[in-house]
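Quick notes on the structure that follows.
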Amino acid sequence: MKPSMTVLRKDILHAVTVSGTPVSVKDILGSLTAVPNLSTVYRALAFLESRGDIHSLTLFDGTRFFYSAERHGHFVVCSGCRKVMGFDECPASGIETDIEDRFDFRITGHVLCFTGVCSDCRGSMVERRSQ
């Protein structure tokens, strides 16, 4: 029997899809009207990812974010507050053909993640130094 799209799975997919930025499990839980068991949410996310409806991004500290498969996987991540912001421009598109030719490799997708410090965190750093 094929697993079905339960109401909870549809609600989680909707929460991920309508978000303009990648979302954490905490963000997803906050957007649901029902309060499901945390393990149920993780199983639903695994199901949606296995179907190709969503993708995930795991940060250097182990935090995992989910985003719609309809979006490009291009992000900037603040190493201070862990805020993740997505962008649609694709700086990798110019080098994909070169990589495919050089490595005899067929690219099916990519994730691009820049790390740095957002303006809010930079401002906090300046404030702390001046005190």
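The values are calculated or read from the model by the stated rules, or taken from the named source; none is laboratory data. Please read these numbers as outputs of a predicted model, since none were measured by experiment. We place every Cβ from the backbone using ideal geometry, glycine too, and count neighbours over all the protein chains shown.
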Self-check item: Odd one out for Val84, checked against (1) of a type in the set (A, V, I, L, M, F, W, C); (2) without any contact (Cβ under 8 Å) to a residue 40 or more places away in the chain; (3) surrounded by 12 or more Cβ atoms within 10 Å (Cβ to Cβ)
Solution: (2)
Quiz item: Quick check, is Thr21 part of a loop (DSSP other than H, G, I, E, B), polar (S, T, N, Q), in contact (Cβ under 8 Å) with a residue 12 or more places away in the chain and closer than 30 Å to Arg122 by Cβ?
Solution: yes
Quiz prompt | Conditions (1) assigned by TED's automatic domain parsing to the domain that holds Pro3; (2) surrounded by 14 or more Cβ atoms within 10 Å (Cβ to Cβ); (3) over 30 Å from Pro3 (Cβ atoms); number of the one not met by Val16 | solution = (3)
Practice problem: Go through (1) surrounded by fewer than 18 Cβ atoms within 10 Å (Cβ to Cβ); (2) β-branched (Val, Ile, Thr); (3) part of a helix (DSSP H, G or I) one by one and return the number of the condition Ile28 breaks. | Solution: (1)
Quiz item: Looking at region 1-13, which of the residues that are of a type in the set (D, E, K, R) and either within 17 Å of the chain's Cα centre (by Cα) or in a helix (DSSP H, G or I) (or both) is surrounded by the most Cβ atoms within 10 Å (Cβ to Cβ)?
Solution: Arg9
Quiz prompt | One residue from Thr33, Thr63 being modelled with pLDDT under 90 and under 24 Å from Val117 (Cα atoms) | solution = Thr63
Quiz item: Consider Ser50 against the criteria (1) buried (at least 16 other Cβ atoms within 10 Å of the Cβ); (2) at pLDDT 90 or above: it satisfies all of them except one. Which criterion is unmet?
Solution: (1)
